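One structure is given below, encoded as structure tokens.
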Amino acid sequence: MLNRLHAYLIFLALTPALADTTVGGRQLPADAASYAKQVLRVPCDNTRNEVTFDHAVSVYQRYGCVQDLFSDTLVDLDSLYRPEPAAAESWSVADDGVTWAFHLRPGQLWSDGTPLTAHDYMATFRLCASPDHAWDFAWFYSFIGEGGLRNWDRIVAGEMPPDSLGVTAIDDLTLQLVTEGPFPAMPAAMKFGYTLQKRALEEHGPYYNNDPATSVSSGPFVLTEFDPGYRIVLTANPDYTGYRPPLLQRIEGVYMSPATYFLAFQRGEIDLVGHEQLTPADFATIEEDPTLQANYLRHYGDFRTDYLLFDTFSPPFDKLAVRRAFAHAVDREAIVAGVYGKAKAVAAHSMLMPGFPSADTTGALADLQRFDCGLARQYLADAGYPEGDGFPALEMWMRGEPPATAAVYQASAASIAQCLGVQIQVSNKDGRVFMDALNARPTRLQMGAVSYGMDFLDAANLLGVWMSGGRHSWSDSTFDHLVTSAAAMIGQAEVRDRMFRQAERILVDQVGGVFIAHRWAGDLMKPHLLGDSFRQPDAKGIAGRRWGDDSLWGDMYIGDRQ
Amino acid sequence: MLLFLCRRLFSLAFVLLGVSILVFWLMHSVPGGPFDTQQGQLTAATRANLEAKYGLDEPVWKQYLNYMSHALRFDFGIPYQQPQTTVAALIGRTWLVTLQVGLLTIVVAFSIGICAGLYAAYHQNSWLDHLVTFCATLGVTVPNFVIGMWLILCFSVARSWLPLGGWGTSGACLFGKYFCTDWILPVVAYALAPMAIIARYTRASIVDVAGEDFIRTARAKGLSEVALMRRHVLPNAQIPMVTALGTEIPNLITGSIFIETIFRINGLGKYFVTSALNRDYPMIMATFLLIALLWGVTYMLTDVAYTVLDPRIQFGRRSRR
Amino acid sequence: MSAIRDTVSHGFAWQATQRLLRNRLAILGLILVAGISFGAIFADWLAPHPYDYARFDRVLLMPLQHPDHLLGTDEVGRDYLSRLIFGARTSLLVSLLVQGLALAIGVPLGALAGYVGGRTGFVVSRIIDVMTAFPSLLFAILLISVLGGGLHSVVLALSVTGWILIARLTRAQFLTLRERDFVLCARALGVPAWRIALRHVLPNALTPIVIAVSFGIPATIFAEAGLSFLGLGINDPMASWGKMVGVSNAYVRVYWHLALFPTLAIALTMLGCSLLGDGLRDALDPRHARPL
């Protein structure tokens, strides 16, 4: 493959007119630089702990700068976050509502010439479920729908062998997935349907992609150079026959400290920086420079919401009046405008960000947790703590937050303390100590500040985390009933939507959490980084990379640098 | 002397044993295990699987004996953070880089620090002396991550004179891979604080000795300043200097997490912090045993230095009657 | 003549105080330390605003940008000057306590190891060896989960290893000084060992110890800041200089005042302590009053 690429590049050099076609045969756009210059340079985080390129091996320890480019997922998400064909060209569900069939697009190949089949997907799912592999995303497939994938939980616990999993290859091009209970959002959930190659798994084990010699890819790129901690180089896969043939010739990942991403960007060493690594000082610089401002492309990201959570099973938060007092004491608008920055967030009065399915866009829920200090004090007095007298001193925990986010949570605590006259100290705990306290039964976390972003685009996900027995110490049986029923409902989209909205109203009204802000994500890009999928604003006027839209790898290219 | 060294080496083994017990017990007492990831929730079954796989479900004393039996055969296990390599290989690879950074920093910090200290001591209470004290104060109070960022801003971003980071991987090198331009900024940032410390200890130790009566006597007897410095002042001043400066050496050769992350140096420094935060038990044990070994050897060598510099000092004997 | 008269008619303490007061730099150090301590003690009266009062429309103001905020505001909208003054309280308390404990533990242990020697000295030295490799980060995490956060946990966590350098320095000094003639003389005269160590050897051994303490102060302040970043130190909204510098790193390219003022405060504290420490050492040991 490498020789072929080199030969092609030499051929290109000799025939300059053809320098505008990719190795896959696509024509570059008119304003593109020559093919040899189609190099994207991305920063890689040298403080993270990373072990693999593949989703199926580890989700939280992937080489985050160039992850998941060695296979295509079963579905992709379009600009409205609806599933569209990717590696699978169609799908259907049987009448029982639990048996799904995904039909793979024929003719897809691995970079070693062998065909991509449903047996690869089956082997990957079985690997993920296997107790030896101890996959860190295993919770997801027991979480989808009622009961999750068939036998998933029992296999993970070691009670049944992996080949009893409800994922089978009916034939080379048909993959069957069976769930325990109906789960209408299954196609969208298959945004996570990555695959590894069965043969390579058997020969080299799950980490076969860490070495260019044993790496195989069915995705748009192949691994050509890998120097852990220093540099990663991916090159366009000439044998790629999938849905997103790349215009880029090469992706280079350079390892550096996140504190220096923006500096490297300014020096021209990298072509894009994500919003999470842009400090408030960087944002101030961006806002002052029209070119930078125009090239900061905002998007929804994963619809992440910042909120405060409580232990509602113990005093003082077992009283609804206390929680309502806290909810009305946070001056969200001022905090977002002053501390967070309008470019980074919008004030939140509920869990679902406007733009997310079943989110409140009419402001119907805005009143329930609106900032009203007088009302907050009234509620606190009703609860038996007039002027904050007698209220216990609180310690609010954060989970290893970076300074900018910590500032927002501190501001929220300050807002409550100043309005109600209570004492709140804020502590930024080590992540493991935090989770240890949160997950303890009974929980040891009295008050915390966290954020949560979606795993798949459905209200069942973001509302599902609030169900009893989950990570939040709050319980409401009506809420549970509404969310469970709606999650399993097939067809009847309006009924389902209405049920989710009712559930969210209960969550906000009964103050399961105090919602502070919805985050805007964004990427700062160099002006020469082009591609319609993220440069053209969509129907809502939002440009930028969309979560779940990996088709942009077939669309991104380097323009002619002036 | 040989007997002394043998006894010390033998006691070093006991020190290492003591450290291993202390660290093992402590790290297992700390809440939070290596598999409680921050974002996802591991199912109880998955966590149980992982703990069984790594032998973490056994009683702590059993795990300790297991670990020690492997360690004595130089098998330090596999880091949880990077299961594809071994602890020994990881430390070997990363420490090599850190050693280079550290040794270079030692050379720079010691040479400039000692010279500055000598100069300041010689011109005691002059404006030069106060300048050195002032610079030393700044060098220690401005943390090295702030200095690092400012150096990058001045020399790498505002003006592209020097590369942003890396160690021998970016920028030009003399003779192929020695004296690379990307060595300059990290070493400067790293050396400022030790330089300050060394300068102050040097100056103070020399001033301390120079005020002694025997120095006045020697000078009165007509000894030149240089000979005075060389034969009387320096040997006596070096006892406290050796202690303080000796302390800097193991610190510098084990690296700094700030310098290494900001300047993109793939070294060992960050593992001292990240293995504790990630509860990576094999790495924690290995790094702390390494620290104990380095410090034990340093202490041994400084004690030897004491006896060389001041032959009256003898260990293992009660003071002369 | 007057010097002889002074020696004859006044005690050691009086002479030492006189020497201290004549040392201009030491007086400067004293003024700095006293000034900062004064600010720390009377912070409630001196600070123009409460240190935890946040106004979200006055976030990240630069110095003098608003008449109410001389040194600007921080990232949550709190007055920076007030936080600096209250921060003195936390930082001074932590650093002086930790260094005090380090002296209280390190000097006697080092003296024991260096002066007594023999088997005791050997054992104490090995204990120091083991404690040097003590995992303070892990211990701090453990301590917090057992004792909860707050000042006492921080001081405890930092004191466990803070005394080691001082012990080593003291030991080295005692090792060399115990062989000196004046010590042999005192022993020959029958002076008990503890009195020799305290009254004769210790004043001569002070120089590196004083320097170690003066370096220890910024080191402790930053160590406390480091612990705060893991949730092990002082909780917000309480201010501490080290934490203010640490947080400022994300903002420093534009909002340089967040880093500058606490760093200056730490530097001034350290300078004051080293000048005062040097002065004290000079006062207790008159040989150093003369130049080279």
- Arranged from highest to lowest average of other beta-carbon atoms within 10 Å per residue, in what order do the peptides C:53-65, C:214-226 appear? C:214-226, C:53-65
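Could you give the dipole magnitude of region B:1-125 about its Cα centre, charging the beta-carbon of Lys and Arg +1 and that of Asp and Glu -1, in debye to the nearest 20?
Dipole size: approximately 320 debye.
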- Note on the structure: Rounded to whole angstrom, the alpha-carbon centroid of region A:24-43 lies from that of region B:16-93 at a distance of 46 Å
- Residue mean of other protein chain beta carbons inside 10 Å, B:131-138: 4
- Quick one: pull the percentage of alpha-carbon pairs in chain B with a separation above 28 Å. 56 percent
- Rounded to a whole number, the mean other protein chain Cβ count within 10 angstrom for residues of B:256-265 is 4
- Work out how far the C-alpha atoms of region A:289-339 reach from end to end along every principal axis, then list the three figures in whole Å, largest first. 52, 23, 10
- With label points set 7 Å from each Cα along the Cα-to-Cβ direction at C:Arg180 and B:His130, the distance between them in nm comes to 3.0 nm
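Please state the shape class of region B:171-321: rounded when a/c is under 1.5, otherwise prolate if a/b exceeds b/c and oblate if not, all from the C-alpha gyration tensor. Please report the intermediate quantities before stating the final value.
Values: a/c = 3.16, a/b = 1.66, b/c = 1.91.
It is oblate, given that a/c is not under 1.5 and a/b is not larger than b/c.
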- Task: Could you check which residue among C:Ala13, C:Ala197, C:Ala188 shows the biggest mean-square fluctuation in a GNM of chain C with a 10 Å Cα cutoff?
- Result: C:Ala188
- Message: Give me the base-10 log of I(q)/I(0) for region C:1-158 at each q in 0.12, 0.13 Å⁻¹, Debye formula, one uniform scatterer per Cα, rounded to two decimals.
- Response: -0.88, -0.95
- Whole-number percent relative contact order across region A:157-226, with pairs defined as alpha carbons under 8 Å at least 6 apart: 14 percent
- For chain C, longest principal axis from Cα atoms; helix C:80-111 axis from its Cα atoms; angle between them, nearest 10 degrees, is 20 degrees
- Query: If you take the alpha carbon radius of gyration of region A:469-562 and divide it by 2.2 N^0.38 Å, what ratio comes out, to two decimals?
  - Reply: 1.63
- Query: Okay, helix-only estimate at 222 nm for the protein assembly as shown: each DSSP H run of n ≥ 4 adds -39500 (n - 2.57), divide by all residues, round to 500 deg cm²/dmol; what do you get?
  - Reply: -15500 deg cm²/dmol
- Query: Per-residue HN-Hα couplings for region A:491-497, Karplus 6.51 cos²θ - 1.76 cosθ + 1.60 at θ = phi - 60°, whole Hz, x for Gly and Pro?
  - Reply: x, 6, 4, 5, 4, 4, 4
- Message: Between 0 and 90 degrees, rounded to the nearest ten: what's the tilt of helix B:2-29 against the longest Cα principal axis of chain B?
- Response: 40 degrees
- Task: Express in whole angstrom the spacing between the alpha-carbon centres of region B:251-321 and region A:76-132.
- Result: 53 Å
- Item | Cα-centre dipole for region C:68-227 with unit charges at Cβ (Lys and Arg positive, Asp and Glu negative), debye to 20 | 860 debye
- Item | region A:115-234, relative contact order [Cα under 8 Å, separation at least 6], % | 24 percent
- Item | Residue-by-residue Karplus 3J(HN,Hα) for region A:300-305, coefficients 6.51, -1.76, 1.60, Hz, glycine and proline x | 6, x, 10, 6, 7, 10
- Note on the structure: Bounding extents of region A:143-279 in its principal axis frame from Cα atoms, largest first in Å, are 53, 36, 30
- Task: Among DSSP beta bridges whose residues both lie in the protein assembly as shown, state the antiparallel percentage, nearest 5.
- Result: 80 percent
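So what is the diffusion coefficient of region B:259-321 in µm² per second by Stokes-Einstein at 37 °C and 0.692 mPa s, using a Kirkwood Rh over Cα pairs?
Result for D is 222 µm²/s.
If each residue's Cβ is checked for other Cβ atoms within 10 Å, how do A:Asp360, C:Asp79 rank with the fewest at the top?
Result, fewest neighbours first: A:Asp360, C:Asp79.
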- Query: Between region C:65-116 and region A:424-471, what's the alpha-carbon centroid distance in Å?
  - Reply: 34 Å
- Per-residue Cβ contact counts at 10 Å, fewest first, order A:His119, C:His66 as C:His66, A:His119
- Ordered by packing density, taken as the mean number of other Cβ atoms within 10 Å over each peptide's residues, highest first, how do B:96-106, A:96-106 rank? B:96-106, A:96-106
- Would you mind working out the magnitude of the charge dipole of chain A relative to its Cα centre, with +1 at each Lys and Arg C-beta and -1 at each Asp and Glu C-beta, to the nearest 20 Debye? 700 debye
- Query: Going highest first, how would you order C:83-92, C:243-252 by mean Cβ packing within 10 Å?
  - Reply: C:83-92, C:243-252
- Item | Subset of B:Lys177/C:Lys243; A:Lys344/B:Lys270; A:Lys429/B:Lys53; A:Lys191/A:Lys342; A:Lys191/A:Lys319; B:Lys62/B:Lys270 violating a 32 Å alpha-carbon distance limit | B:Lys177/C:Lys243; A:Lys191/A:Lys319
- Query: For A:Glu395, which sequence-distant residues (separation of 5 or more, or a different chain) have an amide H within less than 5 Å of its own amide H, given hydrogens modelled in the peptide plane?
  - Reply: A:Gln425
- Given 10 Å bins starting at zero, what is the percent of C-alpha pairs of chain A in each, up to the one with the largest pair distance? 3, 16, 26, 26, 19, 8, 2, 0, 0
- State the antiparallel share, in %, of DSSP beta bridges confined to chain A, rounding to the nearest 5. 75 percent
- Percent relative contact order for chain A, counting Cα pairs under 8 Å at least six residues apart, stands at 18 percent
- Note on the structure: the protein assembly as shown -> Rg/Rh from Cα coords, Kirkwood Rh, value 1.00
- Message: What does the net charge come to around A:Thr279 if you take all other residues with beta carbon closer than 12 Å to its beta carbon, with K and R at +1 and D and E at -1?
- Response: -1
- Summarise the partner chain shielding of A:432-441 as one whole number: the mean count of Cβ atoms from other chains within 10 Å of each residue's Cβ. 5
- Normalised alpha carbon radius of gyration of chain C [divisor 2.2 N^0.38 Å]: 1.18
- Where labels lie 7 Å past Cα in the beta-carbon direction, separation of A:Asp95 and A:Arg535 in nm: 5.2 nm
- Message: Multiplying the sequence separation of C:Val123 and C:Leu189 by 0.36 nm and subtracting their Cα-Cα distance, what value in nm do you get?
- Response: 20.8 nm
- Note on the structure: For chain A, the longest principal axis of the Cα atoms and the Cα long axis of helix A:373-382 enclose an angle in degrees, to the nearest 10, of 60 degrees
- Query: What list of ³J(HN,Hα) values in whole Hz, one per residue of region A:87-94 in order, does the Karplus curve 6.51 cos²θ - 1.76 cosθ + 1.60 (θ = phi - 60°) give from phi, with Gly and Pro shown as x?
  - Reply: 6, 9, 8, 7, 8, 8, 10, 6
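We did not get these values from a lab; they are worked out from the coordinates using the rules stated. Small disclaimer: the values here were computed from a predicted structure and weren't measured. Don't worry about glycine lacking a Cβ; one is built from the backbone with ideal geometry, like all the others, and counts go over all protein chains shown.
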